[in-house]
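Undergrad: First the structure, then my questions, so here it is.
The values are calculated or read from the model by the stated rules, or taken from the named source; none is laboratory data. Given the structure is predicted, the values throughout are model-derived calculations rather than measurements. Ideal geometry is used to build each Cβ from the backbone, glycine not excepted, and the neighbour counts take in all protein chains shown.
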Amino acid sequence: MTLLHALLCSLAAFSALCLAMERHHEEALGEALVVARQRALRGLALGALAFSTLMLWQRPDFGIAAAEWVAQLSLAGLAVVALATWAPRWLAPVAAAAGAAGLLLALIA
Amino acid sequence: MAWLHTWVGLVLGWLLFAIFLSGTLAFFRQELNLWGRPELHGLATGRAEARLDASELARAERTLQALAPSAQGWRLTLPDERRAGANLSWRDPAAAPGQRGRLEQRWLDPQGGAPIEARDSFGAGEFFYRFHFELRSAQQSRWIQEGRWLVGLATLLMFVALLSGIVTHRRFFKDFFTFRPRAKAAQRAWLDAHNVSGVLVLPFYLLITFSGLMILHAQYLPAGIAAAYGKEAGAYFAELTGDPARAARARESASSKDLKDAKGVLPMIGEAGWTALLAQARAQWPQGRIEAVALQREGGQTRVEIFRHEGDRLQYRAPRLVFDAATGRRLHLVDTEAPAARTYGVLHGLHMARFAGWPLRWTLFGFGLLGSAMIATGLVLWCVKRRAEAERRQAKPGFGHRLVGVLNVATIAGLPLAMAAFLHATRLLPLALAQRPDAELRVFFAAWGLALLAAALGAGWRRLFAAAALAFAALPASDAVQGLSLSGSGTLLGVQLAFGMAALLLAFLAWRCGSPLRRQVTARPAPVPPVAGQLEGAP
């Protein structure tokens, strides 16, 4: 459950970071990236990444939880690359859904 | 720095690929071991440790007495979510002085405790594990130390390749999420694949490479230990593991060889004794599981050791409690809190990943495959780059280019084929065969050699990948023919599914590689643009 929550949040975070890059933004949303939006996306990414550690602190063995957290970061990054490569149009919707699911999971757990 | 990355990667790339791929499979060492011994398929995995009771230990003790009255020590490893059936192992007394006795093992049926003898096998997962860090070529190989040195050298150069790769990759952050498999230039697509597989999983590669070096630091860097501890190397390991008996033991074995020959029947602890010992262990680790219980005779003393489960924490090895077998008195807890020793233990633990549950285990397995892909794409890239240059100069590829091409095919496509052949061998070789484990390993190396020969004769990517795909697909098929029932065992079902997925992946690679014949035919009328993701370098 912790791992899933972290993965959903990191997925949203990495997607936002990816969308904050000109080339990927254009491919994913079909419009040019403006500076204000870039800043907002990066801020959002930072927030989501911080939020992904939320359930980490409650775990009995922090070392194991931290190792899992780092591993899921790579997994989320790979998922974003796959989306940006083969389904760029889905990047933003998937990121939004992942972020929402992450929030929901934190609320019910 | 680019030349360093290129040449370090090329020279040991093939060996690194083999180390990485076999290490990746070793994440499922227990599961593969179980799959390779059909005699144990009826035993259940995932027993709650809480049910370990003294009567079971007393029963195991009686079983051992009946099986091997002259054994000088034994170990009972309990089943967990990955291992099926309690494993009872012991070493027979050596036939001649200076030799080590044969390691025997049985599995205990949870109902009734009857010992089950499984086939004589190296262990399907055990071999990948041993090959991964010592290039094991036989059960009693004479080359284990040399193998460890070679793997150490390769690991060091892997570390160099990783660090120089980060420096060489100028667009590290700009291309962080960029993969263009349909790029016009094949080189572009291959470089992207190499970068993406390298950058995103970099924490895993850096950790696994560095910890891999550190695990055997005592072998690779003995000078520091010798300078600080002199001849008392045992004291160093005593501090590292937190085992005070270790230093004493090292002194003892050096001074009094005759004590070792004092042999007799091991004492029986009995159910009442075990109850007291288990209670002490549970008081020591209220949250912990017990992984194994062992009885050891060393010098004049017989000791009981109770091991905490290795998956309970990051730090490796797990702590263990040591008792005097004669009196039941607690001697000491083998564990360390010293910062340096703990750092080493955590690095070791992160490498072994005993703590990893199923989601993390599969994730790490995927990262291992991706690391193998990173090494493979790097090797292919070397060929693609030089082929592009040769075509520009309209020169024929030289001997070196062809050699690298052949070795690439033989390693990247040949190794999976050899692995599948080995897995078949663990199941299909006659059970009465003498030295059966060695025969299994010979099948592995013979299949790999044949793949090299085939590659040298021009078999190419497609054929070898297709052969490997067929070999993997034949594994579940062969199980079905042997009439093995897999119902009720998630582990075995998972292994079967993984074989199926490996077959699909290899078939996909074979399909994408295209037949070299067809490419030549279609290339004659009009030069066809290279298919995206096409593997180059086929001779």
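Undergrad: When residue B:450 is evaluated against the numbered criteria (1) buried (at least 21 other Cβ atoms within 10 Å of the Cβ); (2) modelled with pLDDT of 95 or more, which criterion, by number, is the only one it fails?
TA: All conditions are met except number (1).
Undergrad: Is it the case that some residue within the range B:214-236 is at pLDDT 90 or above, within 14 Å of chain A (Cβ to nearest Cβ) and in a helix (DSSP H, G or I)?
TA: Scanning the range B:214-236, I find no residue that is at pLDDT 90 or above, within 14 Å of chain A (Cβ to nearest Cβ) and in a helix (DSSP H, G or I), so the answer is no.
Undergrad: Take the residues in the range B:181-235 that are surrounded by 20 or more Cβ atoms within 10 Å (Cβ to Cβ) and of a type in the set (S, T, N, Q); name whichever of them is nearest to residue B:147 (Cα to Cα).
TA: Top of the filtered list is B:209.
Undergrad: Another question, then. If you scan the range B:314-336, which residues turn out to be within 14 Å of another protein chain (Cβ to nearest Cβ) and more than 25 Å from residue B:274 (Cβ to Cβ)?
TA: B:314, B:315, B:316
Undergrad: Within the range B:85-96, is even one residue hydroxyl-bearing (Ser, Thr, Tyr) and either buried (at least 21 other Cβ atoms within 10 Å of the Cβ) or assigned to a strand (DSSP E or B) (or both)?
TA: yes
Undergrad: For a quick check of your reading: which helices (runs of 4 or more DSSP H) sit entirely within the range B:120-204 and have at least 1 residues that are within 13 Å of chain A (Cβ to nearest Cβ) and touching a Leu at 6+ places or on another chain (Cβ under 8 Å)?
TA: Where helices (runs of 4 or more DSSP H) fall fully within the range B:120-204 and carry at least 1 residues being within 13 Å of chain A (Cβ to nearest Cβ) and touching a Leu at 6+ places or on another chain (Cβ under 8 Å), they are B:186-199.
Undergrad: Being surrounded by fewer than 18 Cβ atoms within 10 Å (Cβ to Cβ) and over 21 Å from residue A:23 (Cα atoms), is that true of even one residue in the range B:168-179?
TA: yes
Undergrad: Right, another one. How many residues are away from chain B (no Cβ under 13 Å) and outside any helix (DSSP H, G or I) when one looks only at the range A:1-43?
TA: 5
Undergrad: Something else: Looking for something aliphatic (A, V, I, L, M) and more than 14 Å from chain B (Cβ to nearest Cβ) - is there at least one such residue anywhere in the range A:78-96?
TA: Yes: one or more hits.
Undergrad: To continue, here is another question. Among all residue pairs at least 6 apart or on different chains, which show Cβ distances below 7 Å where the first residue, located in the range B:408-432, is in contact (Cβ under 8 Å) with a residue 12 or more places away in the chain and the second is acidic (Asp, Glu)?
TA: Cβ pairs passing all conditions: B:422/B:440; B:425/B:440; B:426/B:440; B:429/B:440.
Undergrad: Regarding the range A:60-67, can at least one residue be identified that is part of a loop (DSSP other than H, G, I, E, B) and at the interface with another protein chain (Cβ under 9 Å from one of its Cβ atoms)?
TA: Yes - at least one qualifying residue is present in the range A:60-67.
Undergrad: Would you point out which residue out of B:370, B:379, B:350 is within 14 Å of chain A (Cβ to nearest Cβ), closer than 30 Å to residue B:462 by Cα and touching a residue at least 60 places away in the same chain (Cβ under 8 Å)?
TA: Unique residue meeting the criteria: B:370.
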